[in-house]
Every structure is written in structure tokens, then in C-alpha cells.
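Please read the structure below before turning to the comments.
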Amino acid sequence: MYRPEITDRTHLSEFNQVEGIIIDEKLTLRDLLGVLGKFAIEIAGAEKVRFKPDYFPFTEPSVELSAYKTGYGWIEFGGSGIFRPEVTQPLGVKVPVIAWGLGVDRLFMMHSGISDIRQIFSQDLEWLRKQQVN
């Protein structure tokens, strides 16, 4: 995807995201926040998470996830919410559906101790060869 952002240590003009959808008759916003918190803490190694209300056209309520890690500060990871009934009902889905789209580049950046997101797409072969996949 493309976005009109100024390139800096946490922003690129393109971004990649990991998306998720869970369907269950008992899902709530609390479940969504729990799943997002797990992503930030267990995958990215964040120390804290926070959520702020946001607007996305296909979900209501909608929230944005940000995570904190010493040395990084707060970094936005992405958006999420509960699909609106007008999205799910035409498909015959009448139970809650939680969904998210998180910046996989930022998750990886924090997880791997990379201080500048531009480094992930480096052409520096020496640096790339030293990287390990965990």
C-alpha cells in the first residue's frame, strides 16, 4: 500500500500489513484489545500498549494500537475494530467479527532491535548477512 508520509525512522511511503479476522458469537471489543496486546508484547517485544479510538469505514468501534519499548518510544502499529453489520450481514454472518491490520514492518523492527525501518529494506549485503531469523 502507498501513503503520503514523510519518510523517517518509523515511516515509509509504502507499508506492509498483517491482517487478521476472528469470528465468534461471544467476541467483544475486550477480546480485540487482548489479541492486539498479545501481538505487540509477544511478537514485537513491546513493554506497554495503548489504544485510542479511531475511524475506519468498515468497523465500529474502531481503535488504533500503539506500542512502547525503551529506546523506541511509542510507535503506531495499526488499526482495528469490529466489522459493521452492513459489512457482514450480506455475507450471512450475524455474529461479531473482529479485524485488524498491523504494520508488519514495525512489528519486525521492534522485535529485531532495528532502530530505523529503512534498514529492513537495505541493500547493504554485509548487514543483511549478519541478520538472524528467530
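Observations on the model:
- On Cα atoms only, tilt of 29-38 relative to the major axis of the chain in degrees: 20 degrees
- Farthest positive-ward along the chain dipole, Cα basis, beta-carbon charges - from ILE41, PHE58, PHE77: ILE41
- Pairs of lysine residues in the chain that meet both criteria, 8 or more places apart or on different chains and Cα atoms under 17 Å apart, total 5.
- The range 15-106 - percent of accessible surface contributed by carbon and sulfur, probe 1.4 Å: 58 percent
- Nonlocal amide H pairs with VAL63, under 5 Å, H built at 1.01 Å: ASP54, SER80, GLY81
- For the chain, the solvent-accessible area with a 1.4 angstrom probe is 63 square angstrom per residue.
- Distance (nanometres) between label positions extended 7 Å along Cα→Cβ at TRP127 and PHE108: 1.4 nm
- Our coupling estimate for the range 46-56, obtained by passing each phi through the Karplus curve with A = 6.51, B = -1.76, C = 1.60 and θ = phi - 60°, is 5, 8, 9, 10, 8, 10, 10, x, 8, 10, 9 Hz, Gly and Pro reported as x.
- Normalised by the number of residues in the range 76-117, the mean separation of alpha-carbon contacts (under 8 Å, six or more apart) gives a relative contact order of 41 percent.
- Under 14 Å from the LYS94 label point (7 Å along Cα→beta-carbon), backbone N, the range 17-41: 25
The values are calculated or read from the model by the stated rules, or taken from the named source; none is laboratory data. What you see is a predicted model, and the numbers here were worked out from it, not measured in a lab. Quick reminder, even Gly has a Cβ in these numbers, built from the backbone with ideal geometry, and neighbours come from all protein chains shown. SASA here: full protein model, heavy atoms, side chains in, ligands and nucleic acids out. Shrake-Rupley method; radii C 1.70, N 1.55, O 1.52, S 1.80 Å.
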